[in-house]
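In what follows, a structure is listed as structure tokens, so that the remarks can point back to it.
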Amino acid sequence: MKPSTFVHHAPRSVDEALAVLAEFGHDGKVLAGGQSLIPILNMRLASPGHLVDINRVAGLASVEVTADAVHIGALVRHAQLEHHAAAFAHLPLLRQALVNVAHPVIRNRGTTVGSIAHADPSGEMPAVLALTSGYVDLASSRGTRTVAARDFFLGALESCLAEDEMATGASFGFFPPGTGMAFAESTRRHGDYALAGVAAAVTVLDGLITSARASFVSVTPTPDVLDLSELLAGNAPEEGDWAKAAELAREHVDPDADIHASAEYRRMLVGVLTARVLAEAASSAITASVSATTTTTATTTATATGPARSSANADATRA
């Protein structure tokens, strides 16, 4: 099928895009990567009269690593974020999840913010945004606002975006030092929507787990977070009660049945995946904890030596 007739708008600035949305409201849709929107239009599940194509808008395609988050613009493609070295170094979970998003050709075009704005509970990146306590930047002709992930997703394919608003960016928050991350999902075929998926973050300090959290793909009405810290805190990473954590995860999720899998099968997958990713995250947290301790020790030693630190910095600058 082909989409119904629409007017194509190609603004060159955010203000121009917002002006179009302000004029046409519910009859306008923002087009970025189009990997979710175009199929919906082709199947005529949506028939907007106006498409606001933001691909020519400057300033929306950057990835910025700040002191506490990875911030991305609305035109950052999945592949761009997947291969961004600094983003991976600070938040490996991004790449761990992104490699599971459909196929490379789709990741080359699809945008991460677009996936988040689509608010599909079967999407990987909404779950990651929730787990990282991230937020979304929204703009309209009335002004701008920043919305936390927990408030952004209202239901399946439903967000708090107003009719005249556009998502201009999103930020994924950093975890504490000593945090290990892992992601896994189960699909019928590689690239399909996940039957179930789990993202996890486990923090280890002084050889003991201090916090553990998980978020889910395809098995909850909206992306949310299950805090498992009370169960796992105080245990050594290799002694975590992953079986009990898996049981709590199965109780937490609310999967639907469809032609691909029953609700109970999806719930079973959640348990298996939760135990797996928590163990993987805890294992990597040990390495992260040792790295954080080494970095702290090195920084303390360098600070104490004073002039030697300055000399080393000067040499690094010249290099």
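What the table below lists for this structure:
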{"read-out": "Pairwise centroid distance, computed over Cα atoms, of the stretch 1-73 with the stretch 127-158, Å", "value": "16 Å"}
{"read-out": "Choice from 158, 230, 264 showing the highest fluctuation, given a GNM over the chain with Cα pairs closer than 10 Å", "value": "230"}
{"read-out": "Cα-based convex hull volume of the stretch 81-161 per residue, rounded to whole Å³", "value": "104 Å³"}
{"read-out": "Distance between modelled label sites at residue 44 and residue 265, nm, 7 Å Cα→Cβ extension", "value": "3.3 nm"}
{"read-out": "Space enclosed by the convex hull of the alpha-carbon atoms of the stretch 7-56, per residue, Å³", "value": "62 Å³"}
{"read-out": "Heavy atoms of residue 16: accessible area, 1.4 Å probe, square angstrom to 10", "value": "90 Å²"}
{"read-out": "Ratio Rg/Rh, restricted to the chain and using Cα atoms, in which Rh is the Kirkwood radius", "value": "1.02"}
{"read-out": "Exposure ranking of 159, 141 by accessible area [1.4 Å probe, largest first]", "value": "141, 159"}
{"read-out": "Segment residue 56-residue 247, length gained on full extension (0.36 nm per residue, minus Cα span)", "value": "64.0 nm"}
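The values are calculated or read from the model by the stated rules, or taken from the named source; none is laboratory data. Computed from a prediction, not measured in an experiment: that's the story for all the values here. Please note: Cβ atoms are built from the backbone with ideal geometry, for glycine as well, and neighbour counts cover all protein chains shown. Protein only, heavy atoms only, side chains kept; ligands, DNA and RNA dropped before computing areas. Shrake-Rupley method; radii C 1.70, N 1.55, O 1.52, S 1.80 Å.
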